[in-house]
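Any read-out appearing in this document is the output of simple, stated calculations on the displayed coordinates, not a laboratory observation. Bear in mind the structure is a predicted one, so any value in this text is a computation, not a measurement. Positions of Cβ are generated from backbone atoms using ideal geometry, with glycine treated the same way; all protein chains shown enter the neighbour counts.
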Amino acid sequence: MNDFSRINEILENSRTVIVAGHVNPDPDCMGSALAVCSILRSMGKDVYLYRSDKYPYNGAFLENSDSASETVPDFEPDLYFILDSAAPERTGEAFFAKMSASKSRKILFDHHRHKENGFYDAEVSDEGASATAAIVYRWAKNIGHVLTKGEAEDICFGIFGDTGGLRYASTDKEALFIVSELAETINYGDFCSKFFETLPENWFAMFAEVIQSMEKYKGGKVVFFATTLDQLNRFNLAIDEIDPFVEEIRRIGTVKIIFRIREVEAGKVWKFSVRSRGDIDCIPIAQKFGGGGHKNAAGFTFYGTLDEGRKAVLEIAETLEL
């Protein structure tokens, strides 16, 4: 889990590196990628940072947050460095097509449950890690790299993203230790303010509408809510700006599991996110629909109507012991 020897050997023999993460990058994906790019550049590497979609809006304050390109590079690097995406196809269709056809080396840092598929030449994957950013921190320590303020913020941003600001069950001793150590490098209060307190005014108007249409089952233990493309257009919000809806709904004391459904293609493609508390495992639910993730946070894509998707997940929810 912490053997970086093969990773470091490959890096030593690589000059040009393309860094990328998964589609619809979350804070962990973003923070990990930015930190790795900065560290690689300090090592004298030529680095190209690719993203398939926009980065989270609340990460705009991070150093070099605007350095990523949504253009698939037209050159062949010595190395592909993938973060937070054990399934290589989740880097995006066009990027994956290029990477899979390439003979260049490929390495991975990740913390999702998966089986090694032989795609990567080397990987450090630890399902027990709170975030991929925690693995980036371990690697920095392994190579004796002293983190800059910007890199420290990147790593904290990643850990905060996957632990809900150190509030989720995924928060472990390592996450607390890393953040406490990096708090000496960053302005912690200012960092927290930028991470949590950057919501646009129209966010509250859309949230009020979502709450009105929210459905509750099993005595309020199961919550189901959907957001549509029409709502995003009417309230002029980006997809990542409504992610905090889940966090607010989690604050309802009776809620044990949340099904958030986001419209991807009008009326026919939906992204399901499943969030739970305690020992309720979301992964088997997501796997029934070809998805995956973590014990308390998983997801999958559903093809069909919203009513069909609702019916499918609620049939599963009815079987849960809550």
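If you build a Gaussian network model of the chain, linking Cα atoms that sit under 10 Å apart, which residue out of LYS256, LYS194, LYS311 swings the most?
Greatest mean-square fluctuation among the candidates belongs to LYS311.
Going through the cross-link list LYS149/LYS194; LYS256/LYS295; LYS216/LYS256; LYS149/LYS173; LYS194/LYS271, which pairs have a Cα-Cα distance over 18 Å in this structure?
Checking Cα-Cα distances, LYS149/LYS173; LYS194/LYS271 exceed 18 Å.
Projected onto the charge dipole of the chain (+1 at Lys/Arg Cβ, -1 at Asp/Glu Cβ, origin at the Cα centre), which of LEU34, PHE196, LEU306 gives the Cα projection farthest towards the positive end?
Going by the Cα projections, it comes out as LEU306.
Once Lys and Arg get +1 and Asp and Glu get -1 on their Cβ, which of PHE225, GLY293, ALA317 lies farthest toward the positive end of the dipole of the range 201-317?
ALA317
Nearest 20 debye, what's the magnitude of the dipole of the range 201-317 about its Cα centre given +1 on Lys and Arg Cβ and -1 on Asp and Glu Cβ?
520
Whole-Hz ³J(HN,Hα) for each residue in the range 292-298, computed from phi via Karplus 6.51 cos²θ - 1.76 cosθ + 1.60 with θ = phi - 60°, x for glycine and proline: what do you get?
Working through the residues one at a time gives x, x, 10, 4, 9, 7, 9 Hz.
If each of ALA312 and SER193 carries a label point 7 Å out from its Cα toward its Cβ, how far apart are those two points in nm?
4.5
By counting other Cβ atoms within 10 Å of each Cβ, how are VAL264, VAL19, VAL274 ranked from fewest to most?
Ascending number of Cβ neighbours within 10 Å: VAL264, VAL19, VAL274.
Please order ARG105, ARG277, ARG262 by the number of other Cβ within 10 Å, starting at the fewest.
So the residues, fewest neighbours to most, are ARG277, ARG105, ARG262.
Taking a quarter of the surface of the convex hull around the Cα atoms of the range 5-196, what do you get in nm²?
The number I arrive at for the range 5-196 is 9.8 nm².
Can you give the charge dipole size of the chain about its Cα centre, rounded to the nearest 20 debye, using +1 on the beta carbon of Lys and Arg and -1 on the beta carbon of Asp and Glu?
With Lys and Arg at +1 and Asp and Glu at -1, about 640 debye.
Over the Cα atoms of the range 176-322, Rg to Rh with Kirkwood Rh, two decimal places?
Taking Rh as the inverse mean 1/r over Cα pairs, Rg/Rh reads 1.01.
Identify the GluC sites (Glu not before Pro) of the range 158-217 meeting these criteria: DSSP loop state and at most 10 other C-beta atoms within 10 Å of the C-beta.
Those that pass, being in a loop and sparsely packed, are GLU184, GLU197.
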